[in-house]
1. Do you know which of the residues in region 173-213 that are in contact (Cβ under 8 Å) with a residue 60 or more places away in the chain and within 46 Å of the chain's Cα centre (by Cα) is surrounded by the most Cβ atoms within 10 Å (Cβ to Cβ)?
2. Any residue that is without any contact (Cβ under 8 Å) to a residue 24 or more places away in the chain and of a type in the set (Gly, Ala, Ser) - is there at least one of those in region 137-147?
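Since every read-out is calculated from the coordinates, none of them should be taken as a lab result. All of these numbers come straight from a predicted model, not from anything done at the bench. Positions of Cβ are generated from backbone atoms using ideal geometry, with glycine treated the same way; all protein chains shown enter the neighbour counts.
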Amino acid sequence: MSRDRSLFWTIFGFPVRAIRALPRTLLAVLLIGALLLNVFSLTSPPLNGLATSLLSELGITTVAERERRSMVASHETELSAAQAETRKAEEAIVAAREATRVAEDTARAAEEAAEQSAEQTRIAVEAARTAETAIEKLETTKAARDALEKDIATAITERARLQAARASQTALAESIPHVGVQAIAATLALEIEDACASARDAAALIAITENRDSPEEARRAAEAEFDCSEAVAGALEPLSPGDLWQLMSAAPEDAWAAAAPFLPETGDDIAFEDWDALAAEARIVFAGSQTPPSEGEVASPTAPNAPTAEE
């Protein structure tokens with residue numbers, strides 16, 4: 001009985017034991033499969049990708065995926081930080097470039113300002129030198145002009161003094177019969193010469209006044225262009241004593257009429273009734289005789305060198 005029971009359990013107990021052992025077997029198979037899946041997923045990239053995709057679809061992540069995601073996140077964080085640092089560096093570079101540009105512009109502006117200041121200083125120095133030169137030239141020219149004007153004025157004054165002295169000192173000599181006409185002729189020549197010299201000096205003074213930059217050249221030019229015949233118009237040419245006596249004795253009335261306008265205080269007070277008798281008397285005086293001719297006579301000169309009206 002027990003033998004039969006043992007065979008029964010041997011034949012029919014296997015399924016029961018198998019069923020009873022199924023959870024442990026399945027667990028072992030699943031465990032072995034999971035181990036094999038992990039091994040193959042780590043060693044086979046296609047299987048790893050398939051498993052990862054399958055688990056991702058099921059919402060399950062693997063350790064590798066989590067590590068990959070963690071590494072990706074870390075890399076992204078580092079990349080973001082690096083990008084932020086790069087942006088900061090680029091901004092710093094841009095700021096540095098802008099600062100460099102501003103510094104260069106400032107330096108250029110300062111250099112231009114320095115050049116302008118130097119140019120203005122140079123212009124000011126040149127202007128000061130020019131002004132100083134102009135002042136020196138003006139002072140030199142003024143001194144030269146003053147010296148020339150003083151010399152000319154002194155010459156005119158000295159000539160006028162000499163003319164006045166000559167007129168007063170020769171008056172007595174001119175009154176001497178026969179000899180006085182020589183004094184008159186000499187005085188006439190000197191007076192005409194002095195009048196020309198004074199007129200020439202006056203022209204030089206006018207030229208110096210009109211040309212203040214080159215007074216010496218103006219004076220020389222004025223003296224070179226001066227014409228005494230125009231300046232002293234109407235003056236007699238210097239005459240010899242004989243010519244003077246002949247002209248006077250030939251026509252004393254005409255001689256007095258020509259002189260009267262220049263003697264306003266005397267010309268009208270002197271009048272002669274018989275100019276012919278006066279002329280005859282003059283010829284006698286010139287000849288050395290002091291006896292006047294009788295009324296109606298015309299004396300003839302007795303001196304051999306005495307000029308006559310006919311001559």
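1. Ranking the qualifying residues of region 173-213, first place goes to Ile208.
2. Yes, because at least one residue in region 137-147 is without any contact (Cβ under 8 Å) to a residue 24 or more places away in the chain and of a type in the set (Gly, Ala, Ser).
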